[in-house]
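Here is the structure we will look at.
Any read-out appearing in this document is the output of simple, stated calculations on the displayed coordinates, not a laboratory observation. What you see is a predicted model; the values in this text were computed from it and never measured. Cβ placement follows ideal geometry from the backbone for every residue including glycine, while neighbour counts extend to all protein chains displayed.
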């Protein structure tokens, strides 16, 4: 990163936990995007939230902040991506706030392009496209799997379709009215906080738009492609969908109905295992059984929906 004068008009919030091994390229790409914005007379900054790292992340961030005054570091020791994003918002100095992740590489024009509709008053919330890094693409990774587990959003993005916090932006007015739900982005409810945030923003009467031509590249750890890891993610995402259904959509079926759906879905999943679907998939060169992941996700959904019956809907 290089220094740039002026009070920031855009703040980019990046949250990280144990991200020492992946942060440097992310910050380098953001630095180039801040440089490009600066040349267009759009001063910007980066706020990185260290969400309780236990590796070398603090040293990486301290070095980055020494080299560039446009980068500031704040710490939120309580785990949870939604909580970390709210801490980043509290530290942001600009009227426009963009969000991306610590394993995402943005193009040089990303800050300027994402901020444009927000600064012009054409939208209150924007989302951009997200592509999986080329070396991580697999023949078996369908568009549905890529969207659900790797935050992929097709180019051009479309309002009302995929939405991922790897590339979103909003205004201070929105964030003052609608914080990220801190019950989400946790070990129990991973991956739901951005979807719920979007729905909360729309429910508050704000406008959304899609930004084309600013695709970011997602570089998750290759281990996330492991079938067992995907299975665990499916369980977490099913719980997150139940949280959304219970708290935002008011879904409250009779307990006997949820229990019956849980039993039926679990039976389908067990039968698929007994038939050796996963083994056949592996022999065919496809290590992931997409239908089994879908069933696992639904099992978690129905189980969590039963548990949430004992809780009141959020206010």
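Using only Cα atoms and rounding to the nearest 10 degrees, what angle (0 to 90) does helix 20-39 make with the longest principal axis of the chain? Compared with the principal axis, the helix lies near 50 degrees. DSSP beta bridges confined to the chain are antiparallel in about 30 percent of cases. Label reach from residue 207 (point 7 Å along Cα→C-beta): in region 110-153, amide nitrogens under 13 Å belong to 117-126. Shown for region 1-103 is the translational diffusion coefficient from the Stokes-Einstein equation, using the Kirkwood radius over Cα pairs, a temperature of 20 °C and a viscosity of 1.002 mPa s: 161 µm²/s.
When shorter helices are ignored and each DSSP H run of at least 4 residues is given -39500 (n - 2.57), the per-residue value for the chain at 222 nm works out to -14500 deg cm²/dmol. Using only alpha carbons, region 169-315 has a radius of gyration to Kirkwood radius ratio (Rg to Rh) of 1.04.
State whether region 133-176 is rounded, prolate or oblate according to the following rule on the C-alpha gyration tensor (a ≥ b ≥ c being the square roots of its eigenvalues): a/c under 1.5 gives rounded; otherwise a/b larger than b/c gives prolate, and the remaining case gives oblate. Prolate, because a/c is 1.5 or more and a/b exceeds b/c.
Pairwise Cα distances in region 184-251 exceed 14 Å in 70 percent of cases. Spatially, region 57-93 and region 192-216 are offset by 23 Å when compared through their Cα centroids. The residue 138 and residue 66 beta-carbon pair, evaluated with R₀ = 30 Å, returns a calculated FRET efficiency of approximately 0.15.
Once both axes come from the Cα atoms, what is the angle between helix 110-119 and the longest principal axis of the chain, in degrees from 0 to 90, rounded to 10? Its long axis makes an angle of about 90 degrees.
The alpha carbon radius of gyration of region 10-222, expressed as a multiple of 2.2 N^0.38 Å, is 0.94.
Set the Förster radius R0 to 41 Å, insert the Cβ-Cβ distance between residue 20 and residue 199 as r into 1/(1 + (r/R0)^6), and round the FRET efficiency to 0.05.
So the FRET efficiency works out to roughly 0.75.
According to the Kirkwood relation over distinct C-alpha pairs, the hydrodynamic radius of region 226-308 is 13.3 Å. Projecting label points 7 angstrom from Cα along Cα→Cβ for residue 307 and residue 177 puts them 3.3 nm apart.
By the beta-carbon count within 10 Å of each Cβ, the least crowded to most crowded order of 163, 206, fewest first, is 206, 163. Taking the average, over residues, of other Cβ atoms within 10 Å as the packing measure, peptides 29-37, 120-128 rank 29-37, 120-128 from highest down. Between residue 268 and residue 221, the contour length at 0.36 nm per residue exceeds the alpha carbon distance by 13.8 nm.
When Rg and the Kirkwood Rh are both derived from Cα coordinates, the Rg/Rh ratio for region 125-210 amounts to 1.00.
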